[in-house]
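The values are calculated or read from the model by the stated rules, or taken from the named source; none is laboratory data. None of the values given here were measured: they were computed from a predicted structure. Here the Cβ positions follow ideal geometry from the backbone for every residue, glycine too, while neighbour counts run over all protein chains shown.
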Amino acid sequence: MNRFDFTPYRRTMVGFDRLFDLLENQNRFNAGDNYPPFNIERRGEDAYRITLAVAGFKPADIDITAQQNLLVVQGKKGEETPAGQFLHVGIAQRGFERRFELADYVRVDAANLEDGLLTIDLVREVPEAMKPKKIAVGTQKTLSVVHDTARTDGADSAAA
């Protein structure tokens with residue numbers, strides 16, 4: 001059993017609790033089940049593609065749900081009676097559920113099923129307010145003294 005102890009890091013890193021929880025829980029959700037096989041591909045600076053091998057599934061058999069920071073892909077085969085008698089069954093006919101943790105601001109752009117491969121395109125769109133900004137360094141404006149007219153008028157009248 002591969003288990004990492006993040007306790008030393010938890011003591012010194014503030015605000016990374018969600019990341020450590022994701023890493024620790026990843027083994028629990030995907031332990032031992034490698035069906036269906038999948039690839040995760042980086043297609044650009046902010047573009048990704050997940051490809052799942054779902055031979056025998058129709059688009060109506062697949063349900064894709066995108067929640068905040070979570071993508072769930074489920075496959076449910078309908079009960080079909082085969083026309084003939086199988087001598088060997090090598091193509092899996094069981095249902096599946098795959099979960100993918102998504103980073104902040106990652107959304108599903110498209111999903112397509114072709115030739116037994118389900119492709120899900122993902123795009124990371126960081127809001128304009130969250131993007132880094134360049135701050136120009138310039139000279140400090142000279143400060144000018146603001147005279148309070150009420151105070152100077154009172155001082156002038158008191159002197160008279």
Of residues in segment 100-126 being loosely packed, with under 15 Cβ neighbours inside 10 Å and in contact with a Phe, Trp or Tyr (Cβ under 7 Å, 6 or more places away or on another chain), the one nearest to Ala60 (Cα to Cα):
Glu125
If we keep just the residues of segment 13-54 that are modelled with pLDDT under 90 and among the small types (Gly, Ala, Ser), which is surrounded by the most Cβ atoms within 10 Å (Cβ to Cβ)?
Ala31
Note down all Cβ pairs under 6 Å where the first residue falls in segment 34-59 and is within 15 Å of Leu102 (Cα to Cα), the second is exposed (fewer than 11 other Cβ atoms within 10 Å of the Cβ), and they're at least six residues apart or on different chains.
Tyr48/Arg42
